[in-house]
Structures are given as C-alpha cells and as structure tokens.
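Single-structure report; data block below.
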Amino acid sequence: MAVEPVGSLNRTDGGLRTALVLTTVGLAAALLAPVLAPGDPSALGEAGARLAAPSSVHWLGTDPLGRDVLARLIHGARVSLLVGWVSVLAAMLCGTVVGMAAGLGPRRLDRALMALTDLFMSFPRIFLVLLLVSVSSPSLLLIMVVLGLTGWMSVARLVRAETLSLKQRDYIAAARGLGLTPLQVAWRHILPGLWPTIIVAATLRVGGAILTESFLSYLGLGVQEPTVSWGGMIQMGRGILLDGWWVATFPGIALAVTVIGYNLLGDGLRRRLDPRRQGGGQHD
Amino acid sequence: MLPWLARRLFQSLLLILVLATVVFAVVRLAPGDPLNRMVDDETGAADQALIRTRLGLEGSLVQQYGRWLRGVLQGDFGLSLRQQRPVADIVAEAVGPTLLLTASAYALHLLLAVTAALIMSTRPGRPADHWLQGVGLALYSVPGFWLGLMFIMLFSRYLGWLPAGGMASPDAPFMGPGARALDVLHHLVLPMATLALGAFMGTARYLRAALDDILAQDYILAARARGIPERRVLVHHALRNALLPLITLLGLSVPFLLGGALVVEVVFGWPGMGRVTIEAIWARDYPVIMATTVLTGAAVVLGSTLADLLYRWADPRLRLPDLGPAEGRSTGGR
C-alpha cells in the first residue's frame, strides 16, 4: 500500500492545517480546563451577576445562575471530546472485529454478520440511541456505550470491503504459505493494511458522536449536572433567547467549530492516507 | 423481476419482524422491571396492577411477546400510559406533520443541492466554489437543534417575522381553509429551512462529483462541438444523468430524514413522530416509544426496498437475471 509519508505534508493543504489548529485548541481546552478557565465553572454568582451580558469581567457573560459562560465553555470541551473519542474508539473496535471476521471468516459467518449489520442499520441511529437511553438512567458512561453500540455498522462494512480486497494480495498468500495461522495473518498482515481506512473513518465520525451527545444533553437525557456539557448549556439558554442570547449562542459555536475541525481533519487525512480517495461524505 | 420483488418484500417483512423483536427485547430485558421505571413508592398496589395490565406485563415473557407482536401486526400498539388513549391514534396524528416536514425539506434540500453543485462544478477552484464549500461544511457541522434555536432567536423573537414553534396559530380553528393552509406554511418555514440547510451539502458534494465525471465525458464534448448552448448542455445532458442516482438516494435518505426531523420537531414543537417519541421518553411511556421505534425502522426498511426497486427500474442493466444488485453502489451524502 502506497501511503505518502506524512512528512511530505503538502504546505498548500489549508484544510488540514485549519483542522490541526482547531482540534488542537479543543484538546488543549479540555486537558488544561482548570488552568485556562477563568474561575470555577459551577461557582454561582451573586444576585447582581446573574444573566450578565458579556463584559470585561465575564467575557462571554453569565448564565441565569450567575455562572461564568466562558469557564463553562472551556470545561464543556471535556465531555464533548471524551464522549466523541471514547464512543468512536468503541465503535471502531466493534466495527473492525466484525468487518474483519466477515471478510476473513467462512461465507456463512460473513452472511450472518452482514445481516446483523443491516439489521442495526435499519434503525435511524438517533431512535436506537433514544430507545437504549430510555431504559436506563442517564450517565456519561451510558452515552459512550450507547453511541459505541450504535456506531459500528458502517465501519464494519468499510472494513469488510477493504479486508476482502487485501485478502487477494500476493503477500497474504505468501504469509499463508509460510504457515502462519489465520489469526496471525489477520493481526500481522491484514490489520496494518486497514489502518488508513480505520483512522480516516474514526476521525470523520468524532464530529457526529459529539453532535449526538450534545443533542442528548440538550434533551436532558445525556450528561447530567453538575458535569458541564455544551448541550446542557444550550438547553439553559433555550428560554432566554432574547434576554440572554449569549447563554445558548456560544456553546453552539464551540460545538460547530469543534465538529468542523474533526470533519476537516478527516477529509484532510483521507486525501493523504486513503488509497482509494473516495469522494462524498462518510458521515453517519 | 417479479420473483425478485417477492423475495425482496419477504426479506423486508422479515427484517421488520426482527426489528420489532429487538425493540421488545430491549425494553423488556433491560435490567429492572419496566414497571419500576414507571412508578414510585407512592403508587398504590391497585394502580400498579392497572399499569401492569396496561403495559401488557401479565403472563410469561413469551406470552407477552406473542400478544404484543400480534397487536403490532394488526396495527394495535396498546394504550399510551401518559395520554390514556390508543397509541395508534397518537401515531396516526403525528405521521402527517412529519411527512409534510420531511417532504418539503427534501424538496428544498434538493433545490439547494442542485444549485450548489452546478455552481461548484462550473466554477472549480474559483471563489464561488471555495465559498460554497466553506458554508456547506459549516452548516453540515452545526448542531441542528442549535441552528433551529438561532433561527427562532433571529426571525421570531428578534425580527418577529415567523412563529417560533407549533404548527398552527391559536386562532387557526376560526380561519377559512385557505388561511389555515397559509398559517401552516408560515409555521413550516423555519423547521423546513433548518432541516434542509443542515442536509443539502452532503447531496451537493455527491452531485458535484457526478457532474465532474459526466462533464469530462466525450458526449459532452460532442454536444458542445455541435454548438449547443452551454446552459442546455449542463441541464439536459449533464444534470439529467447526474440526477439519476438520486432516485436511489431518496429511498436511502429515509433514516437521515427521520432522524433530522426528530431534532427539528423537538426544537420547533412540530407535532410529528419525533416530538411524540421524545415526549414519550421523557414520560417513560413505553408503548409509544416501542411503536415509534418500530414504525421508523419499518419506514427505513421500506425506503431501502423502494430504493432497490427504483434503481432497477431506472437502470435497465440490472433487470437482467444473475446480475444481482450493483456492487459498491454509493449512498452518497448522508
């Protein structure tokens, strides 16, 4: 597989550069939140500081409980990125295992696994997520598990297709001829060839997972107070769109910028890594 | 064609049955008695027994499943716990608004996508191309519920041009039929625009790639050489062929449309299936949750069956026996 070395990063690829800046800023905000944030995100303000408009004291204003919006925004990055990455990694793990098993296993297993994939794909994802959330009490872990459980299907299909094409290569036949067990072939010779596909697919899915989490938190079905989430912040500003426009506006911008970052990163990585350079969106 | 259709329909029906089973299993096999998620300590024993009956919780799990599935097949989803009336009625009222919203949003999204694809494809690398791609990416990455709130903030609360939510004004019952239809359209503008704007770029990117391919073909060169005006070449020769695969996309867009509609319906209080689902989840109204989940799943299955059917109809090569469905058929944007 001809993968261009990343060292030859095309200097005119503005999309990838923007993506790296945006995702790094988000990551820095999440990791360094206690240092960067101006004060405690949960500290209730005094009566006078409730729903204060953006000013030199509170750069992005305060919410109806007097909490600093900027501090909450920076802390909110933690939930979004944690849920985005962990749920996507879980989905990637499931999808890769299922896809490789279908691609390498006997025909019967392939059929069964693909039927299962089709079955899960026939629910609109958000309905499946809501069904699963509705039978348990909301928590951060639950959201990550549910998003992982509902996000693996398209990955399984991609991985299966790529596995089927890798399987035909001569070096795989050679590896088999040398007496490697099927598991060894899968692990040492198929999986490395799948990495570009997997990395691109993962990056392109982080944004979607972040958006779904924010919607669940907006509905009150996701992360619960006192954990700060951007979706929860938007929910708080929903009823005060005129008098407190800053409460709902800024978390939405933060979400959009983060998701744009990951979508651009995915597109940029695809241009560099994906041997097939498939066009069109890969989002789900 | 006919045996294929019969087999496909049978598969679809089977898939819907399995779907219904999965939904039942998720709700019933989740840890804890479903009853305990509905009642608190203050609910009396008589009420608990009543709710148990309403939920169809008597008898063994297998009996419950049989009873539920038989009901579903007859269009009977039981009684809503919150609204004390048949789930089928609640759902029936919600189907129309969702259809109106998704169909109009799909039409608008297609219009936007075709326009954007034509602009991008005829001006590759120029400012209009870059600009559209940027705007499209931004709209694609913005949370739909937040975009809806921003529209409400701007067009409803601030400018006062459009209603903030619902499907009809409070005085709608006293209007004539024409005025009432206009009133609904007035309420439709913001939800429709929110749904279409979040979606069109996926389709536009797909169409643009198709157009780029087609515009490089010899028959386009031949058409241009014959002196056919560029506009006619674009619309009659290129766009028509690029739009053909969209027939399939329509069927495959169902899950995305329903998912998007759910988000938009919640923000705008549009009385469709999505809103019904969310309200049922807040109230832990399981009969309603199960019904809407099964029905949306069924809509998706039927949509993809329809997509296959239309694809065969549109592409005669697939009608030959033993060719099977096209490999690598792209689903395009979301």
- prompt: For the subset of segment A:241-253 comprising residues that are at the interface with another protein chain (Cβ under 10 Å from one of its Cβ atoms) and of a type outside the set (Phe, Trp, Tyr), which member is surrounded by the most Cβ atoms within 10 Å (Cβ to Cβ)?
  reply: A:PRO251
- line: Residue set B:LEU221, B:LEU197, B:LEU147, B:LEU159; condition more than 10 Å from every other protein chain (Cβ to nearest Cβ), surrounded by 20 or more Cβ atoms within 10 Å (Cβ to Cβ) and over 17 Å from B:LEU100 (Cβ atoms); output residue B:LEU197
message: Restricting to segment A:213-228, count the residues that are over 20 Å from B:ALA283 (Cα atoms) and among the hydrophobic types (A, V, I, L, M, F, W, C).
response: 1
Residues satisfying the stated conditions in segment A:160-209, i.e. surrounded by fewer than 15 Cβ atoms within 10 Å (Cβ to Cβ) and either among the β-branched types (Val, Ile, Thr) or within 14 Å of chain B (Cβ to nearest Cβ) (or both): A:LEU164, A:SER165, A:THR181
- line: So, first residue more than 7 Å from chain A (Cβ to nearest Cβ) in segment B:251-272, second residue outside any helix (DSSP H, G or I) and of a type in the set (Ser, Thr, Tyr), Cβ within less than 7 Å, six or more apart or across chains; the pairs are B:LEU252/B:THR331
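Residue by residue, here is whether (1) in a loop (DSSP other than H, G, I, E, B); (2) closer than 17 Å to B:THR203 by Cβ; (3) touching a Phe, Trp or Tyr at 6+ places or on another chain (Cβ under 8 Å) holds:
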{"position": "B:VAL95", "(1), (2), (3)": "no, no, no"}
{"position": "B:ILE119", "(1), (2), (3)": "no, yes, no"}
{"position": "B:PRO124", "(1), (2), (3)": "yes, no, no"}
{"position": "B:ALA128", "(1), (2), (3)": "no, no, no"}
{"position": "B:ALA138", "(1), (2), (3)": "no, yes, no"}
{"position": "B:LEU149", "(1), (2), (3)": "no, no, no"}
{"position": "B:PHE155", "(1), (2), (3)": "no, no, yes"}
{"position": "B:LEU162", "(1), (2), (3)": "yes, no, yes"}
{"position": "B:PRO170", "(1), (2), (3)": "yes, no, no"}
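Let's see how each residue does on (1) of a type outside the set (Gly, Ala, Ser); (2) modelled with pLDDT of 90 or more; (3) closer than 29 Å to B:GLN11 by Cα:
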position: A:LEU81; (1), (2), (3): yes, yes, no
position: A:GLY84; (1), (2), (3): no, yes, no
position: A:VAL88; (1), (2), (3): yes, yes, no
position: A:MET92; (1), (2), (3): yes, yes, yes
position: A:THR96; (1), (2), (3): yes, yes, yes
position: A:SER122; (1), (2), (3): no, no, yes
position: A:PHE127; (1), (2), (3): yes, no, yes
position: A:SER139; (1), (2), (3): no, no, no
message: It is to be established whether one or more residues within segment B:174-190 are more than 9 Å from chain A (Cβ to nearest Cβ), outside any helix (DSSP H, G or I) and free of Cβ contacts under 8 Å to residues at least 24 places away in the same chain.
response: yes
task: Hey, can you tell me all the residues within segment B:47-78 that are within 16 Å of B:PRO287 (Cβ to Cβ) and polar (S, T, N, Q)?
output: B:THR53, B:GLN64, B:GLN74
- request: State all residues of segment B:55-92 that are on the phi > 0 side of the Ramachandran plot and either under 25 Å from the mean Cα position of the chain (by Cα) or of a type in the set (A, V, I, L, M) (or both); if no residue qualifies, say none.
  value: B:GLY75, B:GLY78
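Matching residues to (1) buried (at least 19 other Cβ atoms within 10 Å of the Cβ); (2) over 23 Å from the mean Cα position of the chain (by Cα); (3) acidic (Asp, Glu):
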position	(1), (2), (3)
B:ASP183	no, yes, yes
B:ARG205	yes, no, no
B:ARG226	no, yes, no
B:LEU252	yes, no, no
B:VAL263	yes, no, no
message: List pairs: first residue in segment B:2-31 and free of Cβ contacts under 8 Å to residues at least 12 places away in the same chain, second residue in a helix (DSSP H, G or I) and crowded, with 18+ Cβ neighbours inside 10 Å anywhere in the structure, Cβ distance under 7 angstrom, at least six positions apart or on different chains.
response: B:VAL26/A:LEU131; B:VAL26/A:LEU132
field: Only listed residue being within 11 Å of another protein chain (Cβ to nearest Cβ), under 26 Å from B:LEU258 (Cβ atoms) and touching a Phe, Trp or Tyr at 6+ places or on another chain (Cβ under 9 Å), chosen from A:PRO138, A:PRO124
entry: A:PRO124
message: Filter segment B:228-237 down to the residues that are within 17 Å of B:ARG123 (Cα to Cα) and surrounded by 13 or more Cβ atoms within 10 Å (Cβ to Cβ) and list them by number.
response: B:VAL233, B:LEU234, B:VAL235
query: Does B:ALA128 fit the bill of being modelled with pLDDT under 85 and within 11 Å of chain A (Cβ to nearest Cβ)?
result: no
task: Test B:VAL91 against the criterion of being assigned to a helix (DSSP H, G or I), in contact with a Leu (Cβ under 7 Å, 6 or more places away or on another chain) and at pLDDT 85 or above, and give yes or no.
output: yes
task: Find all pairs meeting these conditions: Cβ atoms under 8 angstrom apart; at least six residues apart or on different chains; first residue within segment B:279-306 and more than 8 Å from chain A (Cβ to nearest Cβ); second residue among the basic types (Lys, Arg) and in a helix (DSSP H, G or I).
output: B:PRO287/B:ARG54; B:THR305/B:ARG8
task: Report yes if B:VAL142 is under 22 Å from the mean Cα position of the chain (by Cα), of a type in the set (Val, Ile, Thr) and more than 30 Å from A:GLY237 (Cα to Cα), otherwise no.
output: no
message: Please pick out the residue among B:GLY324, B:GLY328 that is part of a loop (DSSP other than H, G, I, E, B), within 10 Å of another protein chain (Cβ to nearest Cβ) and at pLDDT below 90.
response: B:GLY328
task: Could you run through segment A:83-111 and say how many residues are surrounded by fewer than 17 Cβ atoms within 10 Å (Cβ to Cβ) and within 15 Å of A:ALA28 (Cα to Cα)?
output: 0
message: Can you go through A:ARG157, A:ARG111 and tell me which one is part of a helix (DSSP H, G or I), modelled with pLDDT of 90 or more and more than 12 Å from chain B (Cβ to nearest Cβ)?
response: A:ARG111
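The values are calculated or read from the model by the stated rules, or taken from the named source; none is laboratory data. Not measured: the values here are computed from a predicted model. So basically every Cβ, Gly included, is an ideal-geometry build from the backbone, and we count neighbours across all protein chains shown.
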